[in-house]
Amino acid sequence: MNRGTGGGVVAAGFSLLFFTFLFGPLIIMVITAFNSSSFPRITPWECFTTDWFGVLFANDRLMSGLANSLVIAISVVVIAVPIGLAGALALSELGPRLRAALYTVLITPILIPGVVLGISTIVFWGAFGRSVGADYGSIFYNGMFLTLAGQVTFISAYAMLVFLARLQRFDPILTEAALDLGATPGQAFRKILLPFLWPAIGSAAFLTFLASFENYNTTVFTILSGNTFTTALASKVRHGTDPSLSALAVIIIGITLIGAVVHEAHMRRKEVMRTGTAARSRIYGNPVLRTLVHPLTIFVILLGVAGFATYQGSQHDAGVCKQQILDEKRARQQELLEEQRRKMEAQQQNQAPVSTAPVEAPVKANPSPFGGAFKSNGLKPGE
């Protein structure tokens, strides 16, 4: 009994430490996003404010970097997903030996450090541009193009791995039967294989989008003089941070939570519809409940709650509180100055009186060890 109780205490303590380590920084960032202090901190608390969200959106460098990151990420999805699908299909059609060799070649970019990929991308496309006589204003020296090319080289491998995992569950007899029944290879692909791959396509698109959006090691070299969201964030942190980054964390956490809840609702709906249990008839038989538990309805409700919270926060004015905090700081500073002045006056009064005895004539300095060569007119002829 005691041993079991002790084990439960240890497990509870370990779980508490684990979740504190996991969610503690997120909680701290959420709190600091609403503190009016110019430095991210929880204590001492000053005023509740939502001004840091405005500071975040007013940062032109971050917003331009966000736009660049979105353009690059969408372009990477459009290019990397078809390349990954082609690589997975090629691997599934090859023999074991050739498949292992090609798999090693296609998976290698993931194992190469991002710094090496970034530098090699600049060197390769720069040399290619010079070989065709392109000037420095051409696409071969454009940061957006270089970033796109550098990211596609290794993000395509992520998409390929997703498709390979899905294709392992596919029965090739289905396409063979379709071909035997007169379907063309294109029809067999569109009507049999492609519907089977739709979940993998969505997962690969989401994965490649995130991998491109958050990439830094490669992008910091290939973007050249431009910036993406990650490089702009790194530059801001390097030159001094403020709670606007905490406001960014709040936005990301909110979007993640909304996506997670909607995804969970979607998965539960699929499970109920697939199993056909009593819950299906109880919930989906009622039009009102069926509408309320629909993922789209949940998404609209959560979006409305987030919009209402945003509106209420924008109406909050922390000016009075900030002015009160500023007045308190000035009063405290004035008290410190007065205390310092009193200390200086007390120190002057405690000093010994200055002696009024006549000052003796200074003793003549010792002769120079250099024979007086540096005295006035010491270099005249004859002296």
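The values are calculated or read from the model by the stated rules, or taken from the named source; none is laboratory data. Please read all numbers here as calculations on a predicted model, not as lab measurements. Ideal geometry is used to build each Cβ from the backbone, glycine not excepted, and the neighbour counts take in all protein chains shown. Accessible surface areas use protein heavy atoms only, side chains included; no ligands, DNA or RNA. Shrake-Rupley method; radii C 1.70, N 1.55, O 1.52, S 1.80 Å.
Rolled with a 1.4 Å probe across the full set of protein chains, the surface gives Ile173 an accessible area near 100 Å².
Could you rank Arg332, Arg99 by how accessible they are, 1.4 Å probe, largest area first? Each step should come with its number before you reach the end.
Numbers: Arg332 130, Arg99 95 Å².
Ranked from most to least accessible, the order is Arg332, Arg99.
Under the Kirkwood approximation applied to all pairs of distinct alpha-carbon atoms, what is the hydrodynamic radius of segment 1-138 in Å? When all Cα pairs of segment 1-138 are included, the Kirkwood radius is 21.8 Å. Along segment 205-221 the Karplus relation, 6.51 cos²θ - 1.76 cosθ + 1.60 evaluated at θ = phi - 60°, assigns HN-Hα couplings of 5, 5, 5, 5, 4, 5, 4, 6, 5, 9, 5, 10, 4, 7, 5, 4, 8 Hz to successive residues, with x for each Gly and Pro. Angle of helix 96-111 to the longest C-alpha principal axis of the chain, folded into 0 to 90 degrees and rounded to 10: 30°.
Note on Lys191: accessible area approximately 150 square angstrom, rounded to 10, probe 1.4 Å, nucleic acids and ligands left out. Other residues lying with their Cβ under 12 Å from the Cβ of Phe196 contribute a combined charge of +3, Lys and Arg counting +1, Asp and Glu -1.
How big is the chain by the Kirkwood estimate over distinct Cα pairs, in Å? Intermediate values should be presented prior to the final figure.
Working: mean 1/r = 0.0349 Å⁻¹.
One over the average 1/r among Cα pairs gives 28.7 Å for the chain.
Helix 114-131 axis versus longest C-alpha principal axis of the chain: approximately 80°, rounded to the nearest ten.
Sequentially through segment 10-17, phi angles give Karplus couplings (6.51, -1.76, 1.60; θ = phi - 60°) of 5, 5, 5, x, 5, 5, 4, 5 Hz, Gly and Pro residues having no value and appearing as x. Among the aspartates and glutamates, select those whose C-alpha is under 16 Å from the C-alpha of Lys191, and discard any that sit fewer than 8 residues away in the same chain. Result set, ordered by chain and number: Asp171, Glu176, Asp180. Axis of helix 295-315 versus longest Cα principal axis of the chain: the two differ by about 20°, to the nearest ten degrees.
Phi angles across segment 244-250 convert, under the Karplus curve 6.51 cos²θ - 1.76 cosθ + 1.60 with θ = phi - 60°, into 3J(HN,Hα) values of 5, 5, 5, 5, 4, 4, 4 Hz, Gly and Pro given as x.
Per residue, segment 90-214 exposes 59 Å² of solvent-accessible protein surface, assessed with a 1.4 angstrom probe and all protein chains in place. Note on the chain: dipole from Cβ charges, positive end direction compared against Leu296, Trp52, Leu336; the farthest Cα belongs to Leu296. A 1.4 Å probe, protein heavy atoms only, puts the accessible area of Trp45 near 120 Å².
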